[in-house]
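The values are calculated or read from the model by the stated rules, or taken from the named source; none is laboratory data. Remember, it's a predicted structure, so these values are computed and weren't measured experimentally. All Cβ positions, glycine included, derive from the backbone under ideal geometry; neighbour counts span all protein chains shown.
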Amino acid sequence: MATKKSSSHKKSSGGRKYSPKAQKKVARAMREKKSGTLKSGRSGKKVTSRKQAIAIGLSEARREGAKVPKKKSAAKKSSSGKSRGKKASSKKK
């Protein structure tokens, strides 16, 4: 008996994930990184990582109100913190 394979395509909600303004910010940050003039915010050290350059561009776009998805790391931190509390309390005698 042959069964049909269902394709697991996600339906897109339409529209863009990142606005053109956000793309320009990331492109500018990447150009600065390549030329060696991109510096990190607090320490002022030169950025050498590609991922760091993208993160800087996205955060600048976010600050200016461009359409950028929310940070994923913020959601992960809150959920993992709850599980740590449960483990610590279960180990007590």
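Quick check on this structure: which one of 33, 77, 86 is among the basic types (Lys, Arg) and at pLDDT 90 or above?
It is 33.
Tell me which of these residue 7 doesn't satisfy, since it passes every other one: (1) more than 17 Å from the chain's Cα centre (by Cα); (2) modelled with pLDDT under 65; (3) outside any loop (DSSP other than H, G, I, E, B).
Residue 7 satisfies all of (1) more than 17 Å from the chain's Cα centre (by Cα); (2) modelled with pLDDT under 65; (3) outside any loop (DSSP other than H, G, I, E, B) except (3).
List every residue pair whose Cβ atoms lie under 8 Å apart, where the two residues are 6 or more positions apart in sequence or sit on different chains, the first residue falls within region 8-27 and is farther than 15 Å from residue 59 by Cα and basic (Lys, Arg), and the second residue, located anywhere, is at pLDDT 90 or above and not in a helix (DSSP H, G or I).
Cβ pairs passing all conditions: 16/67.
Does region 46-53 include one or more residues that are part of a loop (DSSP other than H, G, I, E, B), modelled with pLDDT under 90 and surrounded by 10 or more Cβ atoms within 10 Å (Cβ to Cβ)?
There is no residue in region 46-53 that is part of a loop (DSSP other than H, G, I, E, B), modelled with pLDDT under 90 and surrounded by 10 or more Cβ atoms within 10 Å (Cβ to Cβ).
Of the residues that sit in region 10-28 and are assigned to a helix (DSSP H, G or I) and more than 18 Å from residue 71 (Cα to Cα), which one is modelled with the lowest pLDDT?
It comes out as 20.
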